[in-house]
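The block underneath contains the structure these notes are about, expressed in structure tokens.
Readers should treat all values here as calculations from the given coordinates under stated rules, not as data from a laboratory. Since this is a predicted model, take the numbers as computed values, not measurements. Note that each Cβ is placed from the backbone with ideal geometry, even for glycine, and that neighbours are counted across all protein chains shown.
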Amino acid sequence: MSNTRQADASSRWHAPVVFLLIAALFVLEGTTSNALFSGSWNSALAILNMGLISAVMALGVNMQWGYAGLFNAGVVGFLALGALGPVLVSTAPVEGAWAAGGPRVLLALAVGLGTLALATQIWKRVKAPLNLIAMPLVLLLGFVLYRAVFDPAVVAIEANNAASAGNIGGLGWPVLLSWPVGALFAAAAAWGVGKVALGLRSDYLAIATLGIGEIIVAVLRNEEWLARGVKNMSGIPRPVPYELDLQNDPGFVAKAAEWGMDPSTASAIWVKLLYAGLFGAVLLGLILLAELALKSPWGRMMRAIRDNETAASAMGKNIKGRHLQIFVIGSAVIGLAGAMMVTLDGLLSPGGFNPLRYTFLVWVMVIVGGSGNNWGAVLGAVLIWFLWIKAEVWGPELMNLITAPLPDGAFRDHLLASAPHMRFVAMGLTLLLVLRFAPRGLVPEK
Amino acid sequence: MDFLNALVAILNFVVIPAAAYGAQLALGALGVTLIYGILRFSNFAHGDTMAFGTGLVILVTWGLQALGISLGPLPVALLALPIGIVLCSVFVLGTDRVVYRFYRKKKSEPIIMVMASVGVMFVMNGLTRLLIGVDEIRFDDGARFLISVQDFKAWTGLTEGLALRLSQALTLVVTALCCWALFRFLNKSRSGKAMRAYADNEDLALLSGIDPERIVRLTWIIATALAVTAGTLYGLDKSFKAFNYFQILLPIFAAAIVGGLGSPLGAVAGGFIVAFSEVAVTYPWKKIATYLGFQPEGLLQLLSTEYKFAVSFVILIVVLLFRPTGLFRGKAY
């Protein structure tokens with residue numbers, strides 16, 4: 001990495017210019033209505049809200065990559081674990097589900113974790129020839145016991161009101177409380193993966209995280225007792241009022257009329273503004289913390305480790321320990337973003353967790369924005385998210401323009417039909433171009 | 001008799017599918033491991049190279065079919081395969097020239113190369129979607145079965161049937177040929193020896209007058225040929241769906257690491273280890289246990305098939321924990 005981070009002159013105008021560019025794009029989206037922009041503030045704010053959540057994801061990835069040079073290829077998994085937080089904490093409890101199998105599921109999970117812990121201890125404590133027999137035996141017995149407790153509990157929970165529920169249900173707590181819980185879930189998984197894969201070659205972490213990402217998404221898709229699997233989990237409560245309640249509120253309708261808007265548009269925009277404020281506050285808080293951490297002795301140590309591991313190790317720094325620390329923190333931030341995302345959607349839909357969209361697009365955001373720079377990652381995230389959404393509209397328009405001279409026929413139809421796929425090519429090219437010609441991104445690290 | 005039935009059931013449901021799948025993984029892992037040995041990074045674009053190449057093969061197959069060409073019982077895709085390999089190699093060499101060569105000259109960290117391969121992965125993924133779409137495509141023609149269940153039952157009089165699909169037999173034969181040719185090339189030919197020398201010690205190889213760019217080009221061509229072959233065989237065996245080739249990346253990486261990154265023999269062994277564990281863990285053993293005289297209550301299935309990726313992952317974790325260099329002592333650090 002050392003050769004991509006040479007400190008050439010960096011202008012302090014980078015960040016404001018990128019910020020103004022993004023602001024201009026959003027204003028255009030909100031005000032002008034033509035082939036390129038929709039001219040609706042509703043759509044501009046919808047893009048902004050998901051952009052802010054993407055910015056939180058990018059912050060997490062930037063901590064891992066920008067501060068420590070760790071390649072996390074399983075962002076989608078940590079995001080999905082975070083998304084589990086609101087489902088398990090804030091959705092309404094399902095009647096009878098807990099009685100049907102709750103304690104047994106917890107017992108099974110305890111058996112599973114206990115088996116792993118016991119196996120680790122045996123491997124460490126017992127002497128060489130004996131542990132080769134004892135450890136697999138413990139693992140096998142533990143697995144059989146786990147399945148014996150777990151399977152009937154799952155059957156019981158899923159049989160409980162199978163048509164509309166069949167899941168363990170939540171605690172019914174306020175949804176904001178569930179965000180840190182989501183972060184905690186992601187952090188726990190990251191600790192497990194990091195413990196194994198850190199300290200080896202840098203590619204190994206990438207491959208191991210790729211695996212854990214796939215597995216977590218598979219768990220969410222298939223474990224119906226947990227979050228109803230592909231049947232989707234709806235009914236996640238909101239931290240902001242519902243549009244319908246606002247429209248029925250005479251005070252709000254009068255306010256909207258004062259502004260010259262009809263109640264339905266006004267309520268949609270107001271709700272989105274509230275979300276934007278909430279997400280913006282979380283994002284600013286995280287940036288503040290991240291900047292303070294980066295400027296502290298701890299942050300200098302992290303950068304020293306990143307730039308020269310051998311030297312840092314010679315100075316007595318625990319490289320693997322620091323890497324594990326930053327990997328867990330970064331994954332927790334990604335988990336927080338996941339919790340925020342399902343709160344915004346009001347729905348957990350595991351079918352939508354696509355690694356290209358949620359892992360590698362976030363990577364493009366960080367690289368384009370400027371790895372190692374928190375503001376860069378955030379601005380890159382909002383910019384790339386805006387372009388990603390709009391590319392779906394712009395791609396076909398562009399293809400229409402390009403293929404205009406072609407005669408109507410199967411070939412032109414094929415090109416027009418596949419135009420939305422162009423954005424994958426565009427994102428890949430963006431990543432490659434930035435990596436090569438501006439490896440420090442739009443807003444370089446100071 | 002029941003014992004024979006159990007044996008046939010194991011062959012039919014475990015050994016044959018796992019062997020075919022293992023051969024496909026082995027070919028993929030060989031490509032990953034060669035690129036790792038020579039270019040020293042894990043190529044995340046390998047899965048999408050398989051998809052892109054297979055997409056090209058399918059297009060050529062359709063072209064040949066439209067011309068009325070048929071290979072009798074064999075699928076036409078076999079004839080299209082060399083053309084697909086050539087086209088895909090040209091593209092991959094282009095990516096090396098435009099993307100990777102820059103970082104190689106600069107001696108960038110491997111993780112930067114991995115990042116660049118993510119960019120290439122995006123581009124190839126998009127091109128595959130443009131080329132052939134995201135739907136499931138079946139492109140096998142010719143005969144479907146070498147041995148069908150009815151025939152087998154009629155011949156042997158067993159209650160349990162055995163089927164050997166042509167695509168499975170073809171996979172095994174083609175893989176055996178590819179491995180034989182590759183190992184012969186690596187061990188006997190001048191270029192192959194140069195490749196191994198370069199993988200062992202770059203500086204010494206340069207001193208003895210080996211042209212590094214030629215070695216790199218050769219590596220890309222061989223890896224692409226193996227990837228497209230693996231992808232086409234996988235597509236013939238199951239069916240072509242672009243996203244599946246992204247998902248197969250994990251078992252392929254697991255296979256390459258289990259064998260030891262950089263070790264071709266290890267990649268082949270790793271492919272079969274991953275495939276056999278995956279199939280054995282996700283197969284419900286109830287039927288076989290019943291033949292053997294047990295009366296099991298459950299299905300005796302350790303994991304449901306949705307979690308087959310977990311098997312690759314667990315194998316990967318075990319290897320990383322206990323033997324990070326892999327079974328055949330690749331390069332782990």
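Quick one: 3J(HN,Hα) in Hz for segment A:32-44, Karplus 6.51/-1.76/1.60 with θ = phi - 60°, rounded, Gly and Pro as x.
Going residue by residue, I get 9, 10, 8, 5, 8, 10, 8, x, 10, 5, 4, 6, 4 Hz, with x marking Gly and Pro.
I need the GluC sites (Glu not before Pro) found in segment B:127-213, filtered to DSSP loop residues with at most 16 other beta carbons within 10 Å of theirs.
Working: sites: B:Glu136, B:Glu160, B:Glu202, B:Glu213; in loops: B:Glu136, B:Glu160.
When the GluC sites (Glu not before Pro) of segment B:127-213 are filtered for loop state and at most 16 Cβ neighbours within 10 Å, B:Glu136 remain.
Please report the Cα spread of segment B:2-322 along all three principal axes, rounded to whole Å, starting with the longest.
Answer, in whole Å and largest first: 65, 55, 38 Å.
Please sort by residue number the chymotrypsin sites (Phe, Trp or Tyr not before Pro) in segment A:219-321 whose DSSP state is loop and whose Cβ has at most 16 other Cβ atoms within 10 Å.
Values: sites: A:Trp225, A:Tyr242, A:Phe252, A:Trp259, A:Trp270, A:Tyr275, A:Phe279, A:Trp298; in loops: A:Tyr242, A:Trp259.
In loop regions of segment A:219-321 (DSSP not H, G, I, E or B), the sparsely surrounded chymotrypsin sites (Phe, Trp or Tyr not before Pro) are A:Tyr242, A:Trp259.
Of A:Val76, A:Val193, A:Val368, which has the largest mean-square fluctuation in a 10 Å C-alpha GNM of chain A?
Comparing A:Val76, A:Val193, A:Val368 in the GNM, the peak value goes to A:Val193.
Could you point to the residue in B:Trp180, B:Ile248, B:Ile111 farthest towards the positive end of segment B:2-322's charge dipole, with +1 and -1 charges on the Cβ of Lys/Arg and Asp/Glu respectively?
The residue sitting farthest along the positive end of the dipole is B:Ile111.
Checking the a/c ratio against 1.5 first, then a/b against b/c, what shape does the Cα gyration tensor give for segment A:33-126? Let's see the in-between values first.
Numbers: a/c = 5.10, a/b = 1.59, b/c = 3.22.
Taking the square roots of the gyration eigenvalues as a ≥ b ≥ c, segment A:33-126 is oblate.
Please list 3J(HN,Hα) in residue order for segment A:173-189, calculated via the Karplus relation 6.51 cos²θ - 1.76 cosθ + 1.60 where θ = phi - 60°; whole Hz, with x for glycine and proline.
7, x, 5, 5, 5, 7, 4, x, 5, x, 4, 5, 4, 4, 5, 4, 4
Let me spell out the model: positive unit charges on the Cβ of Lys and Arg, negative unit charges on the Cβ of Asp and Glu, origin at the Cα centre of segment A:304-446. What dipole size does that give, in debye rounded to 20? Could the numbers behind the result be given before it?
Working: 11 positive and 8 negative charges, 119 e Å.
Around 580 debye, computed over segment A:304-446.
Which one, A:Gly142, B:Leu39, A:Val230, projects farthest toward the positive side of the charge dipole computed for the protein assembly as shown from Cβ point charges (K/R +1, D/E -1)?
Working it through, the farthest residue towards the positive pole turns out to be B:Leu39.
Long-range amide H contacts for B:Leu74: which residues qualify at under 5 Å (H placed 1.01 Å from N, peptide plane, sequence gap of 5 or more or a different chain)?
Residues meeting the criterion, in which the H sits 1.01 Å from N, are B:Ala143.
Do the sum for chain A: with -39,500 (n - 2.57) for every DSSP H run of n ≥ 4, divided by all residues, what is the mean residue ellipticity at 222 nm, to the nearest 500 deg cm²/dmol?
Numbers: 18 runs with 318 residues, N = 446.
Per the formula, -24000 deg cm²/dmol.
So which residue, out of A:Gly30, A:Gly112, A:Gly260, gets the largest mean-square fluctuation from a GNM of chain A using Cα contacts under 10 Å as springs?
A:Gly260
With θ taken as phi - 60° and the coefficients 6.51, -1.76 and 1.60, list the Karplus ³J(HN,Hα) couplings across segment A:321-332 in order, rounded to whole Hz; mark glycine and proline as x.
x, 5, 4, 4, 4, 5, 5, 5, 4, x, 5, 4
In chain B, once you exclude exposed trypsin sites (Lys or Arg not before Pro) (DSSP loop, at most 13 other Cβ within 10 angstrom), what's the longest stretch remaining? Kindly include the intermediate steps, with their values, before the conclusion.
Working: sites that count: B:Lys107, B:Arg138, B:Arg144, B:Arg329.
Answer from the scan: B:145-328.
Please report the orientation-averaged projected area of segment A:94-168, defined via the convex hull of its C-alpha atoms, in nm². Can you show the working numbers first?
Details: hull surface 19.5 nm².
Projected over every direction and averaged, the Cα hull of segment A:94-168 covers 4.9 nm².
Return, ordered by residue number, the residues of segment A:37-51 whose backbone nitrogen is under 19 Å from a label point located 7 Å along Cα→Cβ of A:Met261.
A:38-51
Restricting to DSSP loop positions (anything but H, G, I, E, B) with no more than 15 other Cβ atoms inside 10 Å of their own Cβ, which trypsin sites (Lys or Arg not before Pro) remain in segment A:76-141?
A:Lys127
Could you compute the FRET efficiency for A:Leu141 and B:Gln295, with r as their C-beta to C-beta distance and R0 at 22 Å, rounded to 0.05?
Details: r = 22 Å, r/R0 = 1.00.
It comes to 0.50.
When Rg is the radius of gyration of the Cα atoms in the protein assembly as shown and Rh is its Kirkwood radius, what does Rg/Rh come to? Spell out each step's value before the answer.
Details: Rg = 27.5 Å, Rh = 28.3 Å.
My calculation puts Rg/Rh at 0.97.
Classify chain A from the C-alpha gyration tensor, please: rounded if a/c falls under 1.5, else prolate or oblate depending on whether a/b exceeds b/c.
On the way: a/c = 1.74, a/b = 1.20, b/c = 1.45.
It is oblate, given that a/c is not under 1.5 and a/b is not larger than b/c.
Enumerate the amide H contacts of B:Ile147 below 5 Å, restricted to partners 5 or more residues apart or on another chain; note that Pro and chain-start residues carry no placed amide H.
B:Leu164
Compare A:Leu348, A:Leu20, A:Leu81 in a GNM of chain A, Cα atoms joined below 10 Å, and give the one with the largest fluctuation.
Judging by the Gaussian network model, the answer is A:Leu20.
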